[in-house]
Amino acid sequence: MRNIIISGFMGTGKTVTGIKLSQYLKCPFIDIDAVVEEMEMKSISNIFKEKGEDYFRKLETQAIKRVLKREGQVISTGGGSLLKQENRKLLKDGGLLFCLSASPEEIYRRVGGAGGRPLLEGKDPLNKIRMILSERQSIYNEVSHSIETDGKSPEEVAKRIFKIVKELEGK
Ligand code: S3P
(Lines give C-alpha, C1' and ligand atoms only; values in the text may rest on other atoms or scores of the structure.)
Protein backbone atom coordinates (compact mmCIF):
# COMPACT_ATOMS: atom_id res chain seq x y z
CA MET A 1 0.00 0.00 0.00
CA ARG A 2 1.09 3.56 -0.74
CA ASN A 3 1.43 5.97 2.14
CA ILE A 4 -1.75 7.80 3.03
CA ILE A 5 -0.89 11.35 4.06
CA ILE A 6 -3.31 13.58 5.95
CA SER A 7 -2.71 17.30 5.83
CA GLY A 8 -4.85 20.34 6.65
CA PHE A 9 -5.09 23.21 9.09
CA MET A 10 -4.62 22.83 12.85
CA GLY A 11 -7.68 21.39 14.56
CA THR A 12 -9.11 19.67 11.50
CA GLY A 13 -8.64 16.30 13.21
CA LYS A 14 -5.62 14.99 11.28
CA THR A 15 -4.15 12.99 14.15
CA VAL A 16 -7.31 11.37 15.53
CA THR A 17 -8.56 10.63 12.02
CA GLY A 18 -5.16 9.23 11.05
CA ILE A 19 -5.11 6.89 14.05
CA LYS A 20 -8.62 5.61 13.20
CA LEU A 21 -7.71 5.17 9.54
CA SER A 22 -4.54 3.25 10.40
CA GLN A 23 -6.71 0.87 12.46
CA TYR A 24 -9.09 0.34 9.53
CA LEU A 25 -6.16 -0.19 7.15
CA LYS A 26 -4.18 -2.25 9.70
CA CYS A 27 -1.00 -0.32 9.14
CA PRO A 28 1.34 1.88 11.23
CA PHE A 29 0.42 5.47 12.07
CA ILE A 30 3.07 8.20 12.14
CA ASP A 31 2.59 11.80 13.24
CA ILE A 32 5.19 14.19 11.78
CA ASP A 33 4.93 16.57 14.77
CA ALA A 34 5.69 13.65 17.11
CA VAL A 35 8.75 12.74 14.99
CA VAL A 36 9.97 16.35 15.23
CA GLU A 37 9.48 16.28 19.01
CA GLU A 38 11.45 13.03 19.24
CA MET A 39 14.25 14.41 17.06
CA GLU A 40 14.72 17.39 19.40
CA MET A 41 13.50 15.70 22.61
CA LYS A 42 11.34 18.81 23.12
CA SER A 43 7.71 19.79 22.67
CA ILE A 44 6.72 21.77 19.55
CA SER A 45 5.96 24.77 21.83
CA ASN A 46 9.46 24.68 23.31
CA ILE A 47 11.11 24.29 19.90
CA PHE A 48 9.27 27.44 18.70
CA LYS A 49 10.11 29.29 21.93
CA GLU A 50 13.78 28.37 22.06
CA LYS A 51 14.75 28.13 18.38
CA GLY A 52 11.98 29.86 16.42
CA GLU A 53 9.69 28.88 13.57
CA ASP A 54 12.36 28.68 10.82
CA TYR A 55 14.27 26.11 12.84
CA PHE A 56 11.06 24.14 13.40
CA ARG A 57 10.32 24.22 9.64
CA LYS A 58 13.76 22.75 8.89
CA LEU A 59 13.17 19.92 11.33
CA GLU A 60 9.71 19.37 9.86
CA THR A 61 11.18 18.86 6.36
CA GLN A 62 13.81 16.47 7.76
CA ALA A 63 11.09 14.51 9.57
CA ILE A 64 8.95 14.31 6.41
CA LYS A 65 11.92 13.00 4.41
CA ARG A 66 12.75 10.46 7.08
CA VAL A 67 9.19 9.13 7.37
CA LEU A 68 8.65 8.97 3.59
CA LYS A 69 11.52 6.51 3.24
CA ARG A 70 9.02 3.88 4.30
CA GLU A 71 5.74 2.90 2.66
CA GLY A 72 2.43 1.48 3.84
CA GLN A 73 1.84 4.01 6.63
CA VAL A 74 -0.84 6.52 7.52
CA ILE A 75 0.97 9.82 8.13
CA SER A 76 -0.49 12.95 9.68
CA THR A 77 1.40 16.18 9.07
CA GLY A 78 1.53 19.48 10.94
CA GLY A 79 -0.84 22.16 9.65
CA GLY A 80 1.96 24.21 8.10
CA SER A 81 3.69 21.34 6.33
CA LEU A 82 2.36 22.34 2.90
CA LEU A 83 3.73 25.89 3.11
CA LYS A 84 7.14 25.05 1.64
CA GLN A 85 7.25 24.08 -2.03
CA GLU A 86 9.83 21.41 -1.14
CA ASN A 87 7.43 19.77 1.32
CA ARG A 88 4.51 20.03 -1.09
CA LYS A 89 6.46 18.05 -3.67
CA LEU A 90 7.63 15.50 -1.09
CA LEU A 91 4.11 14.99 0.24
CA LYS A 92 2.41 14.85 -3.17
CA ASP A 93 4.98 12.36 -4.49
CA GLY A 94 5.20 10.42 -1.22
CA GLY A 95 1.73 8.92 -1.18
CA LEU A 96 -1.94 9.61 -1.52
CA LEU A 97 -2.41 13.09 -0.07
CA PHE A 98 -5.61 14.25 1.63
CA CYS A 99 -6.45 17.64 3.08
CA LEU A 100 -8.95 18.02 5.90
CA SER A 101 -10.79 21.30 6.27
CA ALA A 102 -13.10 22.92 8.83
CA SER A 103 -14.59 26.35 9.45
CA PRO A 104 -12.65 28.76 11.72
CA GLU A 105 -15.38 28.49 14.39
CA GLU A 106 -15.22 24.69 14.37
CA ILE A 107 -11.41 24.76 14.52
CA TYR A 108 -11.59 27.17 17.46
CA ARG A 109 -14.07 24.93 19.22
CA ARG A 110 -11.81 21.90 18.71
CA VAL A 111 -8.49 23.44 19.71
CA GLY A 112 -10.11 25.30 22.64
CA GLY A 113 -7.65 28.21 22.62
CA ALA A 114 -4.03 27.62 21.60
CA GLY A 115 -3.68 24.10 23.08
CA GLY A 116 0.10 23.76 22.65
CA ARG A 117 -0.02 25.48 19.25
CA PRO A 118 2.46 28.36 19.27
CA LEU A 119 0.89 30.08 16.25
CA LEU A 120 -2.42 30.48 18.07
CA GLU A 121 -1.03 31.75 21.35
CA GLY A 122 -1.85 35.22 22.67
CA LYS A 123 -5.00 37.28 22.28
CA ASP A 124 -7.96 36.35 20.14
CA PRO A 125 -7.10 32.87 18.83
CA LEU A 126 -10.27 32.81 16.70
CA ASN A 127 -9.08 35.85 14.78
CA LYS A 128 -5.62 34.27 14.40
CA ILE A 129 -7.25 31.12 13.02
CA ARG A 130 -9.23 33.21 10.50
CA MET A 131 -6.15 35.13 9.38
CA ILE A 132 -3.74 32.19 9.05
CA LEU A 133 -6.41 30.08 7.35
CA SER A 134 -7.11 32.77 4.76
CA GLU A 135 -3.37 33.17 4.08
CA ARG A 136 -3.02 29.43 3.52
CA GLN A 137 -6.33 28.66 1.83
CA SER A 138 -4.97 28.57 -1.73
CA ILE A 139 -2.28 26.08 -0.68
CA TYR A 140 -4.79 23.75 0.97
CA ASN A 141 -7.03 24.09 -2.10
CA GLU A 142 -4.27 22.64 -4.28
CA VAL A 143 -4.67 19.20 -2.66
CA SER A 144 -6.95 17.12 -4.86
CA HIS A 145 -8.55 14.99 -2.14
CA SER A 146 -10.17 17.48 0.18
CA ILE A 147 -12.53 16.51 3.00
CA GLU A 148 -14.74 18.94 4.86
CA THR A 149 -14.99 17.86 8.50
CA ASP A 150 -17.50 20.25 10.11
CA GLY A 151 -20.12 18.22 11.95
CA LYS A 152 -18.33 14.93 11.25
CA SER A 153 -16.62 12.66 13.76
CA PRO A 154 -13.02 11.48 13.15
CA GLU A 155 -14.49 7.97 12.58
CA GLU A 156 -16.72 9.29 9.80
CA VAL A 157 -13.85 11.16 8.18
CA ALA A 158 -11.57 8.11 8.48
CA LYS A 159 -14.25 5.89 6.91
CA ARG A 160 -14.64 8.33 4.03
CA ILE A 161 -10.87 8.29 3.40
CA PHE A 162 -10.84 4.50 3.74
CA LYS A 163 -13.52 4.25 1.02
CA ILE A 164 -11.59 6.54 -1.33
CA VAL A 165 -8.37 4.57 -0.73
CA LYS A 166 -10.11 1.27 -1.49
CA GLU A 167 -11.73 2.69 -4.63
CA LEU A 168 -8.42 4.04 -5.89
CA GLU A 169 -6.60 0.81 -5.02
CA GLY A 170 -9.17 -1.19 -6.99
CA LYS A 171 -8.43 0.78 -10.16
C1 S3P B 1 1.49 24.26 12.75
C2 S3P B 1 0.67 23.21 13.12
C3 S3P B 1 0.99 22.32 14.23
C4 S3P B 1 2.49 22.25 14.46
C5 S3P B 1 3.05 23.62 14.63
C6 S3P B 1 2.79 24.51 13.41
C7 S3P B 1 1.07 25.14 11.63
O8 S3P B 1 0.49 21.01 13.95
O9 S3P B 1 3.13 21.59 13.40
O10 S3P B 1 2.48 24.18 15.78
O11 S3P B 1 1.92 25.90 11.11
O12 S3P B 1 -0.12 25.07 11.22
P13 S3P B 1 -1.09 20.62 14.05
O14 S3P B 1 -1.70 20.99 12.74
O15 S3P B 1 -1.06 19.14 14.24
O16 S3P B 1 -1.67 21.35 15.19
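The values are calculated or read from the model by the stated rules, or taken from the named source; none is laboratory data. Since the structure is predicted, the reported quantities are computational estimates derived from the model, not experimental observations. Because the Cβ atoms are built from the backbone with ideal geometry, glycine has one as well, and the counts that use them run over all protein chains shown. Note: accessible area is taken over every heavy atom of the protein model, side chains too, but ligands, DNA and RNA are not part of it. Shrake-Rupley method; radii C 1.70, N 1.55, O 1.52, S 1.80 Å.
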Efficiency of FRET between GLU155 and THR61 - r from beta-carbon atoms, R0 25 angstrom, step 0.05: 0.20
Per residue, how much accessible surface does the chain expose to a 1.4 Å probe? Answer in Å², no decimals. 51 Å²
When all protein chains stay in place, what accessible area (Å², nearest 10, 1.4 Å probe) is found for ASP124? 90 Å²
For PHE162, PHE48, the accessible-area ranking with a 1.4 Å probe, largest leading, is PHE162, PHE48
Could you tell me the ratio Rg/Rh of segment 12-104? Both radii from Cα atoms, Rh via Kirkwood. 0.95
Under a point-charge model restricted to the Cβ atoms of Lys and Arg (+1) and Asp and Glu (-1), what is the dipole moment magnitude of the chain relative to its Cα centre, in debye to the nearest 20? 360 debye
Convex hull volume of segment 3-166 per residue (C-alpha atoms, cubic angstrom): 102 Å³
When only Cα pairs under 8 Å and 6 or more residues apart are kept, what is the percent relative contact order across segment 3-166? 35 percent
Solvent-accessible ranking of CYS99, CYS27, largest area first, probe 1.4 Å: CYS27, CYS99
Can you show me the helix-derived [θ] at 222 nm for the chain, built from DSSP H runs with n ≥ 4 at -39,500 (n - 2.57) apiece and divided by the number of residues, rounded to the nearest 500. -17000 deg cm²/dmol
Of all lysine pairs in segment 44-101 that are eight or more residues apart or on different chains, those with Cα atoms under 16 Å apart total 9
